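Below is one structure, written out as structure tokens; the observations come after it.
Read the figures in this text as sums done on the coordinates, not as results from a lab. Treat the numbers as computed from the prediction; the structure is a model and nothing was measured. All Cβ positions, glycine included, derive from the backbone under ideal geometry; neighbour counts span all protein chains shown.
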Amino acid sequence: MEFIPDVLNEKCGSRQVLGHCTSRWGSLVLIALLDGTMRFSALRRRIGGVSERMLTQSLRLLEEDGFVQRTAHQVVPPHVDYDLTPMGREVAQKVLALAQCIEGNLAAIMRNYAARDAAAGNT
């Protein structure tokens, strides 16, 4: 019997991978790496507010999924580059499209928040 991926099925592995790509830091790592190869420190500066620990964790998960390639250079001091794989680039472009959709609708989203807050204050 052939396995059919179904992200809505709680037992499907695609749900876990989707979580890696759409987590706060995972999605930002993917978007940042669309600009090209980056070292850890440059990536951390590019993604405002991410801690070293969370960036490391996100990079590891995305590398395990096959979206990010880690290249360790044998130099002193040692340094590591991160880049998107072809599959990672495809996923990152889709995550970027989602982020751009949200940014394009941010004014309306903020109005919804304000309306909700105003209604909560009137009850």
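Checking each residue in segment 62-96 for being more than 16 Å from Trp25 (Cα to Cα), under 23 Å from the mean Cα position of the chain (by Cα) and not charged (D, E, K, R) picks out Gly66, Gln69, Thr71, Ala72, His79, Val80, Thr85, Pro86, Met87. Selection over segment 37-54 of residues that are farther than 21 Å from Pro86 by Cα and not small (Gly, Ala, Ser) gives a count of 8.
Listed here are the residues, each with its yes/no results for (1) exposed (fewer than 15 other Cβ atoms within 10 Å of the Cβ); (2) of a type in the set (Gly, Ala, Ser); (3) free of Cβ contacts under 8 Å to residues at least 60 places away in the same chain.
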position	(1), (2), (3)
Glu52	yes, no, yes
Gly66	yes, yes, yes
Thr71	yes, no, yes
Gln93	yes, no, yes
Ala99	yes, yes, no
Leu106	yes, no, yes
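Checked against (1) in a helix (DSSP H, G or I); (2) among the basic types (Lys, Arg); (3) in contact with an Asp or Glu (Cβ under 6 Å, 6 or more places away or on another chain), Arg116 passes all but condition (3).
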